[in-house]
Every structure is written in structure tokens, then in C-alpha cells.
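The values are calculated or read from the model by the stated rules, or taken from the named source; none is laboratory data. Being a predicted model, the structure only gives us computed values, none of them experimental. No Cβ is skipped: glycine too gets one built from the backbone with ideal geometry, and neighbour counts run over all protein chains shown.
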Amino acid sequence: MSLRFNDKLIHDGDVIVIALSGGVDSVVLTKLLLDQVQKKHLRLYALHMNHHKRTTALRDEEFVKAITSRWNIPCQIVHFQEKQGNFHQEARSQRLEELIRYAKKVGANKIAFAHHLDDQAETILMRLSRGSSFKGYGGIEEVVEYCDMTLIRPLLHESKEAIIQYAIDHQIDYVQDESNDGDDYTRNRYRHHVIPWLKEESPSALHQFDDFATMLQQANLYLSHQVDKYYKDHVTKEDDSFLFMVSHLKNEDDFLIELILQRLIRELSNQTKELSKTNLLDLIKMIRSDKPNLSFSKYHLIYAYKNYDVLTIQTKPRNIVSFDVVLEGFQEVLLPENRKLVVSEKPCINSCIYTELWYNDLDFIFPLTVRTRKEKDTLSFSFGTKKLKSLYIDKKIPMEERNSLPVLVNSKGIILAIPGIYAYASKDAKNVCYVTYQKG
């Protein structure tokens with residue numbers, strides 16, 4: 001009996017590390033790769049992780065040592081360091097870290113896993129039940145590029161039943177993980193109850209899952225190209241933030257916007273986090289809203305800020321630093337974020353922003369308080385008064401800038417100036433001084 005072993009994933013001269021548990025799947029995978037060594041000039045290595053969760057864990061370790069010694073395959077034994085959390089998730093994460101570390105140590109270019117078609121069906125069913133991304137619903141991928149390493153699964157299109165039969169036919173020894181026999185773990189319940197029922201209903205059920213995964217992965221590849229194109233044309237990265245124009249995005253289909261946002265969040269979180277469907281829809285609602293200034297945050301993971309036509313997504317909240325400084329006369333003051341404000345008798349040469357303050361008596365100007373805005377700040381005009389908040393809205397000043405612009409207030413509580421935005425008009429004033437404001 002032959003297996004659907006995708007030898008197209010194996011190339012001449014490959015150096016491959018095998019994730020070898022000692023179970024039938026990984027042992028058969030190792031034997032199939034061993035059969036390719038001379039033909040394709042391969043170098044094989046193996047890594048076994050002892051999880052210390054069963055009394056037979058040491059037996060598995062000794063078996064792996066013996067079989068790799070017999071097959072002349074160098075083998076690295078590593079031990080799982082349990083922490084507080086999800087055992088399966090931690091075990092997968094640590095095993096992958098150790099595999100990559102070992103692969104780089106021995107100069108490997110590929111890591112081989114023994115996932116098969118039953119694993120694929122179980123994974124898809126679990127993700128459909130729990131919810132996932134469009135990419136996630138496509139199940140396990142046959143080839144993945146990760147940390148400068150190629151992860152391959154040559155047995156992904158073959159069933160567990162066929163793999164076991166192959167081991168029997170070729171008299172290949174392996175060990176049995178007893179923890180797979182019970183129903184303590186979610187995957188085991190799918191394996192023991194759902195998959196057998198589906199096979200009874202349709203003998204070709206597993207192959208339908210195979211086709212389903214292939215179709216979704218191909219569709220995801222196409223959509224990924226669309227996301228890449230959007231990135232190239234419209235997204236700007238600044239430190240730990242992504243910026244793009246709302247007008248470029250809001251007319252796109254919701255599904256494409258969702259994929260773009262998912263990619264942004266994965267990149268910001270180093271591929272460790274995803275938002276739920278509900279959270280993504282909330283973000284899309286914010287993008288489509290006519291309101292000019294909105295914000296969104298979730299789990300201290302991402303912070304999104306919409307300021308008119310600019311959407312910023314970042315990993316940290318905006319740092320709003322308030323200040324309150326009193327100037328007794330003409331002088332220079334340094335403000336947060338390397339900004340500088342100068343009140344002088346003459347205008348500064350080459351200044352970025354300057355505002356004229358007219359007066360008859362300097363007591364009208366000094367002492368001068370330079371501070372951040374307050375909720376009830378009100379401005380004076382020839383036609384009456386207006387709230388500062390309303391002026392900012394009229395002038396479409398972004399929220400972040402509103403919170404950092406200096407507000408100059410005299411001892412009588414009159415707002416005299418906001419550089420570049422507003423200046424108090426003194427009646428019959430004959431003298432003038434200058435406020436120069438330079439952003440950091």
C-alpha cells in the first residue's frame with residue numbers, strides 16, 4: 001500500500017528536522033523521508049519533546065532514541081517546561097520554538113510535521129464551532145513560511161487509517177499515546193465521536209474536508225494579494241502605528257476591510273493576537289461613520305483613532321500630557337514632546353507658527369498661563385463668544401492636536417491665543433508682542 005506522501009515538498013539537498021513524537025504518524029513520516037535520503041541527498045534530524053504528562057512519557061523518549069539511533073538520524077530531546085495556562089497551547093508553542101532553535105543550530109531549511117487528513121478535518125470542525133478568521137477556516141496549511149524556516153506537512157492529504165495500515169504493512173514499530181484514548185480533550189471528542197459519524201454518513205467525508213480546505217486556502221491567497229496591493233498603495237507605517245486615509249478604505253467591501261484590519265492587528269501583535277468578528281465590525285462601523293473624531297480600544301491590544309480622514313491603529317494609547325506653565329514676562333518655555341513656545345517683543349526669524357498679541361498695558365498679557373485645553377474654555381469674538389471645542393470642530397483640528405495645542409490665558413481668565421488657531425482682538429490696542437510656537 002502506498003501513501004499520498006507529497007514528495008514535491010522535498011527538494012534536492014534539503015536539511016530537514018522532523019517533529020518526532022514516536023506515534024505512528026511521525027514514525028511513518030520519518031521512514032518515508034528516510035527513503036528519500038539517497039535519492040534527494042537529504043540530511044535528516046529529529047526532535048522529540050517529553051511533556052512529562054504520562055507515566056509512559058519516558059518510554060516514548062527511549063523509543064525515539066532507539067529508532068533514530070537505528071536509522072542513523074541525530075536526535076535532540078527537549079523537556080516541556082509547564083507554566084500556568086493552556087497546556088496544549090503552551091506545549092505547541094514551546095515545541096515550535098525548540099524545533100526552530102534546533103533547525104537553525106543544525107543548518108536546516110525545513111521542519112516536517114506529521115499532520116494528516118483526520119487532523120485537518122478535526123481542526124476545521126473545531127474552528128467552525130468556535131469561530132475563526134477566513135484564513136483559519138481553511139484549516140492546516142501544507143506549507144508555511146515562519147521565522148526564516150519552511151514548515152512542511154507531506155502527509156496532510158492522507159488519512160490516519162491509511163497511515164496505520166502502512167505501518168502494519170511495512171512492519172514499522174511505534175508507540176501509542178494513551179491520552180488520545182479518552183475524551184478529556186476537545187480534539188479527542190471530535191476524533192472519537194464526530195469524525196466516525198461523518199464517515200458513516202459519507203465514506204468520502206475526509207476528502208470533502210480536503211477539498212474544502214484547498215478551496216479556502218486558494219481563495220485566501222487571492223484575497224491576500226488584494227490586501228498586499230492595498231498596503232502598498234495606501235498604508236503608512238510609523239514606529240508602532242499604521243496610518244491610512246479613511247476615504248481610501250470606506251468604499252471597499254466590508255469583507256476586504258476585515259482582512260486588512262486583521263493583517264494590521266497581526267503585524268502589530270507579532271502574529272499573536274486577533275480580534276473577534278464583533279470587534280472587527282465595530283472598527284468597520286467607526287471607519288464608515290460620518291463623525292470626524294472617534295476612538296476604539298480592546299484588551300489593551302490595539303488602539304484605533306479616527307481623526308477626520310486619517311485612521312491610526314497602534315499598540316499603545318495616545319499619551320496625552322497636560323501642562324500648566326506661568327510666564328511672568330517675555331521668555332521661552334519648553335513643552336512636552338520637544339515643543340517650544342516663545343513670547344517676545346519681536347517676531348522670531350524663520351518661526352513655524354507665530355501669533356500677534358495686541359495690548360495697551362503689559363499687565364493685560366502677564367502673568368500669562370500656558371496650558372492644555374479645558375472642557376469649558378470659551379473664546380471671545382466681535383459677534384460674541386464661542387466654545388473652543390466648537391472652533392476646533394469648525395476648523396477640523398484632529399483630536400490629538402486639540403489635546404496638545406497650547407492655550408494662552410491671562411490673569412483675568414481671558415484666552416489670548418492658541419498659536420495658529422486664534423488670537424484675542426483687543427479694542428484700540430497700540431502695542432504688539434509675538435507668540436512663536438514650534439512643534440517637536
Might you check whether a residue that is over 27 Å from the mean Cα position of the chain (by Cα), in a helix (DSSP H, G or I) and either at pLDDT 95 or above or assigned by TED's automatic domain parsing to the domain that holds Val15 (or both) occurs anywhere in the range 125-138?
no
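If I ask for residues that are assigned to a loop (DSSP other than H, G, I, E, B) and surrounded by fewer than 18 Cβ atoms within 10 Å (Cβ to Cβ), which ones from the range 37-50 would you list? Reasoning before the result, please.
Here is the first cut: in the range 37-50, the residues assigned to a loop (DSSP other than H, G, I, E, B) are 41-42.
Within the range 37-50, just His41 meets the criteria.
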Among the β-branched types (Val, Ile, Thr), surrounded by fewer than 19 Cβ atoms within 10 Å (Cβ to Cβ) and either in contact (Cβ under 8 Å) with a residue 60 or more places away in the chain or closer than 16 Å to Arg373 by Cα (or both): does that describe Ile397?
no
Selection over the range 414-432 where residues are surrounded by fewer than 20 Cβ atoms within 10 Å (Cβ to Cβ) and not β-branched (Val, Ile, Thr) yields a count of 9
Could you run through the range 61-79 and say how many residues are closer than 15 Å to Ile172 by Cα and within 38 Å of the chain's Cα centre (by Cα)?
1
Which condition from (1) of a type in the set (Ser, Thr, Tyr); (2) within 33 Å of the chain's Cα centre (by Cα); (3) not in a loop (DSSP other than H, G, I, E, B) is the one that Thr30 breaks?
(2)
Exception for Lys316 within (1) farther than 29 Å from Lys135 by Cα; (2) of a type in the set (D, E, K, R); (3) not in a strand (DSSP E or B) falls at (1)
Do you know which of the residues in the range 262-299 that are in a loop (DSSP other than H, G, I, E, B) and in contact (Cβ under 8 Å) with a residue 40 or more places away in the chain is nearest to Leu311 (Cα to Cα)?
Pro292
Extreme residue, surrounded by the fewest Cβ atoms within 10 Å (Cβ to Cβ), among residues of the range 1-22 that are in contact with a Phe, Trp or Tyr (Cβ under 6 Å, 6 or more places away or on another chain) and small (Gly, Ala, Ser):
Ala19
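Looking at the range 323-350 only, could you name the residues that are assigned to a loop (DSSP other than H, G, I, E, B), at pLDDT below 90 and of a type outside the set (Val, Ile, Thr)?
First pass over the range 323-350, keeping only residues assigned to a loop (DSSP other than H, G, I, E, B): 323, 328-330, 336-338, 345-350.
From the residues that got through so far, the ones that are at pLDDT below 90 too are 336-338, 346-350.
Result: Pro336, Glu337, Asn338, Lys346, Pro347, Cys348, Asn350.
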Can you confirm whether the range 202-221 contains a residue that is modelled with pLDDT under 90 and not in a helix (DSSP H, G or I)?
no
Those residues of the range 369-427 which are farther than 19 Å from Tyr359 by Cβ, among the β-branched types (Val, Ile, Thr), touching a Ser or Thr at 6+ places or on another chain (Cβ under 8 Å) and part of a loop (DSSP other than H, G, I, E, B) amount to Thr372
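Quick one: count up the residues across the range 3-27 that are of a type outside the set (A, V, I, L, M, F, W, C), in contact (Cβ under 8 Å) with a residue 60 or more places away in the chain and part of a loop (DSSP other than H, G, I, E, B). Break it down into steps so the answer makes sense when it comes.
At the first step, the residues of the range 3-27 found to be of a type outside the set (A, V, I, L, M, F, W, C) are 4, 6-8, 11-14, 21-23, 25-26.
Keeping just the survivors that are in contact (Cβ under 8 Å) with a residue 60 or more places away in the chain gives 4, 6-7, 14, 21-23, 25-26.
Retained after the next criterion (residues that are part of a loop (DSSP other than H, G, I, E, B)): 4, 6, 14, 21-23.
The total comes to 6.
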For Lys306, which of the numbered conditions (1) within 30 Å of Val370 (Cβ to Cβ); (2) surrounded by fewer than 14 Cβ atoms within 10 Å (Cβ to Cβ) fails to hold?
(2)
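Evaluate the following for Ser204: is it over 30 Å from Leu58 (Cβ atoms), surrounded by fewer than 17 Cβ atoms within 10 Å (Cβ to Cβ) and hydroxyl-bearing (Ser, Thr, Tyr)?
Working: over 30 Å from Leu58 (Cβ atoms): yes; surrounded by fewer than 17 Cβ atoms within 10 Å (Cβ to Cβ): yes; hydroxyl-bearing (Ser, Thr, Tyr): yes.
So Ser204 fits the description; yes.
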